[in-house]
Amino acid sequence: MAGEVTVPLLPCGSVDEIVEFYRVLGFERTYRQLRPNPYVVVEREDIVLHFFGMDGFDPADSYGSCLVLVPDTGALFHSFAAGMRDAYGKLLVSGVPRMTRPRKRKNTGDFSGFSVVDPGGNWIRFFASPGRTAPEPAGPARSGLARSMENAVVLGESKGDDRQAARVLDTALRREEGTGSAAELVEALVYRAELAIRLDDPERAGALLERVRDTPLEDADRKAITDTLADARDLEEALRAAAQ
């Protein structure tokens, strides 16, 4: 048999809050009920998400998650980011709701993915559809710093353990900073700054981003990490907004 469809049912405290958030990302509400149980459906092209409301639900206690396979994770991320900037004046990088950035994950075969953490605390994980996008070919042997960065990304982005991811990077930046290229150092510093913001440590985040600005980069390095440098600018914007 073919043509089967699986639809996740995800919890939330307020179905209307869910609808408001997903509208920012370009979804539309296609169904809503309040009785006998709160329930909504939001859709964006072929992405369909169903949510049910629970009285007293705490997003911090949520284990809700689902995987969404899409043709182009980068294009979708940038569309979501544009919606956030229009609605909130910035990219949401910490707290609930928020969005992580596309990063390659060694536990997914080096495919790049990102996650949206919605107001219900649900992790909606976006990855490339199998067969549509191939992982990048292997390059030169990775430095110790780059390998630690890969481990930190798995902890922070796949497991949601920001604190342990920060510990891994702190150790690597002390012991292995000299093993990597300038570009690899900047990637590690920017991700550690993002983790600091998530962990409500803006002073540490600011110091890390200052190191990013002070790290000399060749033109080839800047081209290779264009997205990372854009991430750094988003984080600086988030820090300025939080300080106001």
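The values are calculated or read from the model by the stated rules, or taken from the named source; none is laboratory data. The model shown is predicted, which means the values in this text are computed figures rather than measured ones. All Cβ positions, even for glycine, are placed from backbone atoms using ideal geometry, and neighbour counts span all protein chains on display.
The condition (being crowded, with 20+ Cβ neighbours inside 10 Å, among the hydrophobic types (A, V, I, L, M, F, W, C) and more than 29 Å from VAL96 (Cα to Cα)) is satisfied by just one residue among LEU185, LEU145: LEU145.
Applying the criterion of being of a type in the set (Lys, Arg) and under 18 Å from the mean Cα position of the chain (by Cα) to the residues of the range 186-212, the residue that is modelled with the highest pLDDT is ARG192. Step by step: first the residues of the range 37-80, then only those that are of a type in the set (Gly, Ala, Ser) and closer than 21 Å to VAL24 by Cβ, then the one that is farthest from the chain's Cα centre (by Cα). Which residue is that? The selected residue is GLY53. Beta carbons closer than 9 Å, at least 6 apart along the sequence or on distinct chains, pair a first residue in the range 149-174 that is under 11 Å from ARG198 (Cβ atoms) and modelled with pLDDT under 90 with a second that is in a helix (DSSP H, G or I) and basic (Lys, Arg) for GLY156/ARG198.
The numbered conditions (1) touching a strand residue (DSSP E or B) at 6+ places or on another chain (Cβ under 8 Å); (2) modelled with pLDDT of 95 or more are all true for ARG105 except (2).
Residues in the range 22-44 that are assigned to a helix (DSSP H, G or I) and either more than 17 Å from SER79 (Cα to Cα) or in contact with an Asp or Glu (Cβ under 6 Å, 6 or more places away or on another chain) (or both): there are none. Just one of the listed residues (PRO38, PRO11) is closer than 18 Å to GLY64 by Cβ and touching a helix residue (DSSP H, G or I) at 6+ places or on another chain (Cβ under 7 Å), namely PRO38. Candidates in the range 62-102 are the residues that are within 18 Å of ARG44 (Cα to Cα) and among the polar types (S, T, N, Q); of these, the one that is modelled with the lowest pLDDT is THR73. The condition of being surrounded by 17 or more Cβ atoms within 10 Å (Cβ to Cβ) and touching a Cys at 6+ places or on another chain (Cβ under 7 Å) holds for only one of PHE21, PHE77, PHE27, PHE51, that being PHE51.
Annotation note: of PHE27, PHE57, PHE21, the sole residue that is touching a Pro at 6+ places or on another chain (Cβ under 9 Å) and either at pLDDT 95 or above or not hydrophobic (A, V, I, L, M, F, W, C) (or both) is PHE21.
Looking across the range 188-215, the residues that are charged (D, E, K, R), under 26 Å from VAL96 (Cβ atoms) and free of Cβ contacts under 8 Å to residues at least 60 places away in the same chain come down to ARG192, ASP201, GLU203, ARG204.
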